[in-house]
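To keep things clear, I will list the structure first and then write my remarks on it.
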Amino acid sequence: MHDRSYNRVDDHPRNSNYENDINYTLEMCRWILKPIGIWSYVYSRTSKLEKVTSIALLIACFSCLFFIIVPSSHYIFFVEKNVQTKVKLLGPVGFCVSSAIKYCYLGQKGAIFGRCIKHVEKDWKTVDSRSDRTIMLKHASISRNLITLCAVFLYSGGMSYHTVMQFLSKERTKRNSTIRPLTYPGYDAFLDTQSSPSYEIVFCIHCLSAMVMYSVTTAAYSLAAICVTHICGQIQIQISRLKNLVEKRQGKDSRRITLANIVRDHVEILRLSKNVEEALREICLTQIVESTLIICLLEYYCLVEWQNSDVIAIATYFMLLISFIFNILIFCYIGEVLSEQCSQIGPAAYDIEWYNLPAKKAYGLVLLSAISLYPPKITAGKIFELSLNTFGAVLKSSVIYLNLLRTVTNW
């Protein structure tokens, strides 16, 4: 069903700084989405050249991912016989597969993400209070900080695995120095990867593929963080307006505050929350499954390398482990904050001096209180709710699978 709320366009935006504010909010997301060709799918106001460039980038990025998935999967299941070697390769190849799945969902859900971004832009254009704009800027800053932390953890740990560890780990130094390392095996049946320039080409493609994988994961985080923190900012604005509604503060901002406007804006917030949940549910399900398995495998790798006394490998795997734990924590924390913030409208409506309002106006607060009893939630495929309890369940499951893995590999 078409959403009529997005047809309302303000000819005269009330926020004179809306362009700078929108750019500040979406800047980091745009930096991440453009190199992987997704930005033109989630942002409608792009040129034809940008759309053609996005198609070319999509083809190139998917080619890099399948350059790893196809040969490495064949090697794991049909060539390699050692169980521990298979398990060691299963983690990075599995992460590549899950990144490809999330990449597909990002492109498929581009229209829904686009509606969310339009909603964010509309809110920035229509904000006319200095205090409301300050609240929105504060939450935009929080989203930028979350995106930065996620990117730093992922890129530092991931690129260390693809570069530093391959050349400096003890396993490599024990081998003949003429054997040049590659992160992913399975190419010997097609070309001689030890000779130049084949080795350099394959190694560079592996590094580019790693950048694509971590960019896809960071892109999902950035879209979720921007939308959810924006919703939280709007909720705080509505709570502030409820207080001003009763206190009857004088000023041009307070005279426009009515209960009808508060209820209307609250409905808009719930509509945005629904779109965000619809856009993220499949990506979140993939992220939950991926994190549970990858964290389990990284714990196993750390234990194996601890036994081998390989300091470089231990440091790299531990950095990756912290990265995945932190990132799934951020996803679950975002879901927890969304539900918690949206449920605050009811208590806020009760805490104000509603008994000083006219009877008919006070009755309208009942609607806000009733709606707040059922706050919006971000789910993983409509199966799990993203919350701190889900984060604990992911960690517990990873430890259970770790014990099972140790038994299967006889380690």
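The values are calculated or read from the model by the stated rules, or taken from the named source; none is laboratory data. Keep in mind that what you see is a predicted model, and the values were worked out from it rather than measured. Please note: Cβ atoms are built from the backbone with ideal geometry, for glycine as well, and neighbour counts cover all protein chains shown.
Of all the listed residues (Val216, Val246), the sole one being in a helix (DSSP H, G or I) and modelled with pLDDT of 90 or more is Val216. With respect to Glu299, determine if the residue is touching a residue at least 60 places away in the same chain (Cβ under 8 Å) and under 25 Å from Tyr214 (Cβ atoms). Yes; evaluated as a whole, the condition is true for this residue.
Scanning the range 190-211 for residues that are free of Cβ contacts under 8 Å to residues at least 60 places away in the same chain and in a loop (DSSP other than H, G, I, E, B) yields Leu191, Asp192, Thr193, Gln194, Ser195, Ser196, Pro197. Quick check on my filter: what residues within the range 354-402 are under 21 Å from the mean Cα position of the chain (by Cα), at pLDDT 90 or above and of a type in the set (Phe, Trp, Tyr)? Listed by number, the list holds a single entry, Phe391.
The condition of being of a type in the set (Lys, Arg) and without any contact (Cβ under 8 Å) to a residue 12 or more places away in the chain holds for only one of Lys360, Lys382, that being Lys360. Note on the range 112-171: residues that are among the polar types (S, T, N, Q) and in contact with a helix residue (DSSP H, G or I) (Cβ under 8 Å, 6 or more places away or on another chain) total 9.
Picking from residues in the range 281-295 that are over 12 Å from the mean Cα position of the chain (by Cα) and hydroxyl-bearing (Ser, Thr, Tyr), the one that is farthest from Val216 (Cα to Cα) is Thr292.
Among the residues of the range 136-144, is any over 15 Å from the mean Cα position of the chain (by Cα), farther than 26 Å from Leu208 by Cα and at pLDDT below 90? Within the range 136-144 (the criterion being over 15 Å from the mean Cα position of the chain (by Cα), farther than 26 Å from Leu208 by Cα and at pLDDT below 90), the answer is no, since none of the residues qualifies.
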